[in-house]
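Novice: First the structure, then my questions, so here it is.
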Amino acid sequence: DGGITQSPKYLFRKEGQNVTLSCEQNLNHDAMYWYRQDPGQGLRLIYYSQIVNDFQKGDIAEGYSVSREKKESFPLTVTSAQKNPTAFYLCASSLGWRSYNSPLHFGNGTRLTVT
Amino acid sequence: SQQGEEDPQALSIQEGENATMNCSYKTSINNLQWYRQNSGRGLVHLILIRSNEREKHSGRLRVTLDTSKKSSSLLITASRAADTASYFCATPEILTGGGNKLTFGTGTQLKVEL
């Protein structure tokens with residue numbers, strides 16, 4: 001079955017450590033996105049990529065970094081510079097440039113806790 | 001910035017009743033989308049309504065769009081306990097070269113009680 005896989009589901013880190021969240025899709029989608037969700041709130045866009053080897057900052061990119069070396073993969077690194085990293089992180093993909101009306105397909109998220 | 005704002009923030013109803021939630025947005029849009037999120041899970045796309053459409057149906061879902069008021073509503077008829085979830089509206093910003101990025105509202109938490 002096609003879909004998006006995020007791993008791990010739960011991640012615990014000590015303050016000051018960088019951590020990388022994995023996102024893989026087998027939907028043959030060009031565009032991929034990372035969102036952050038805080039309790040009881042909506043989603044905020046961290047980074048997005050419309051095509052391999054290209055990505056753009058979203059609304060809250062500070063303290064985060066990404067790479068897009070393969071179409072299927074869009075890992076997110078939460079660096080020690082991110083002041084409030086504890087959150088639920090959601091990865092999504094879409095057809096991107098092929099259809100600006102295409103909906104997003106989401107993974108099931110990674111819950112990161114930093115203490 | 002939050003493009004969409006849902007209303008109400010929380011809604012509790014009995015099974016079998018209808019649930020209506022509203023979304024307001026600020027800028028011109030090409031389409032508006034509704035998503036559902038079960039607790040601790042990712043979002044699932046429910047329905048997309050284009051700016052030239054006023055109403056759209058999908059099963060027990062009915063979505064309306066009023067571009068003059070910059071608002072949309074999602075109606076779930078004959079609700080079931082399994083409809084308990086958070087519901088988000090989202091509006092796209094079309095990107096250079098095609099594609100879009102979605103801005104999500106703050107969501108409505110729906111609880112359907114037996």
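Novice: State the volume of the convex hull built on the alpha-carbon positions of chain B, expressed per residue in Å³ and rounded to an integer.
Specialist: Normalising the Cα hull of chain B by residue number yields 103 Å³.
Novice: Would you mind pulling out the separation of the Cα centroids of segment B:74-94 and segment A:42-115, in Å?
Specialist: Rounded to whole Å, the Cα centres lie 23 Å apart.
Novice: Here's a follow-up. Could you tell me the ratio Rg/Rh of chain A? Both radii from Cα atoms, Rh via Kirkwood.
Specialist: Ratio of gyration radius to Kirkwood radius: 0.95.
Novice: A further question on this structure: Which lysines, on any chain, are close to A:LYS71 with Cα under 21 Å apart, when same-chain ones fewer than 8 places away are left out?
Specialist: Excluding near neighbours in sequence, the set is A:LYS57, B:LYS101.
Novice: Need one word for segment A:50-115: rounded, prolate or oblate. Basis is the Cα gyration tensor (sqrt eigenvalues a ≥ b ≥ c); a/c below 1.5 gives rounded, then a/b vs b/c decides.
Specialist: Verdict is prolate for segment A:50-115.
Novice: Another question, then. Are there any residues in segment B:11-45 with a reduction of at least 10 Å² in accessible surface when going from the isolated chain to the assembly of protein chains? Probe 1.4 Å, please list them by number.
Specialist: Correct list: B:ASN30, B:ASN31, B:GLN33, B:TYR35, B:GLN37, B:GLY40, B:ARG41, B:GLY42, B:LEU43, B:HIS45.
Novice: Show me the trypsin sites (Lys or Arg not before Pro) within segment A:1-63 that DSSP assigns to loop and that have at most 15 other Cβ atoms within 10 Å of their Cβ.
Specialist: When the trypsin sites (Lys or Arg not before Pro) of segment A:1-63 are filtered for loop state and at most 15 Cβ neighbours within 10 Å, A:LYS9, A:LYS14 remain.
Novice: Give the B-A buried accessible area in Å², both sides summed, 1.4 Å probe, nearest 100.
Specialist: So the total buried area for this chain pair works out to about 2100 Å².
Novice: Which value does Rg/Rh take for the protein assembly as shown over its C-alpha atoms, Rh per Kirkwood?
Specialist: The Rg/Rh ratio comes out at 0.97.
Novice: Okay, next question. How far apart, in nm, are the 7 Å Cα→Cβ label points at A:GLN56 and B:SER39?
Specialist: 3.7 nm
Novice: Using the beta-carbon distance between A:SER80 and A:GLN41 and R0 = 25 Å, what value does 1/(1 + (r/R0)^6) give for FRET efficiency, to the nearest 0.05?
Specialist: 0.60
Novice: Which trypsin sites (Lys or Arg not before Pro) in segment B:1-109 sit in a loop by DSSP (not H, G, I, E or B) and have at most 16 other Cβ atoms within 10 Å of their own Cβ?
Specialist: Listed in order of number, the matching sites are B:LYS26, B:ARG41, B:ARG54, B:ARG60, B:LYS69, B:ARG80.
Novice: Follow-up. Quick one: pull the percent of accessible area on segment A:68-115 belonging to carbon and sulfur, 1.4 Å probe, ligands and nucleic acids left out.
Specialist: The nonpolar share, carbon plus sulfur, comes to 52 percent.
Novice: Further question on the same structure: Using 0.36 nm per residue of separation minus the Cα-Cα distance, give me the extension gain between B:LYS111 and B:ALA82 in nm, one decimal.
Specialist: Result for the pair: 9.5 nm of gain on full extension.
The values are calculated or read from the model by the stated rules, or taken from the named source; none is laboratory data. Being a predicted model, the structure only gives us computed values, none of them experimental. No Cβ is skipped: glycine too gets one built from the backbone with ideal geometry, and neighbour counts run over all protein chains shown. The protein model used for the area step is the full one, side chains on, heavy atoms only, and it has no ligands, DNA or RNA in it. Shrake-Rupley method; radii C 1.70, N 1.55, O 1.52, S 1.80 Å.
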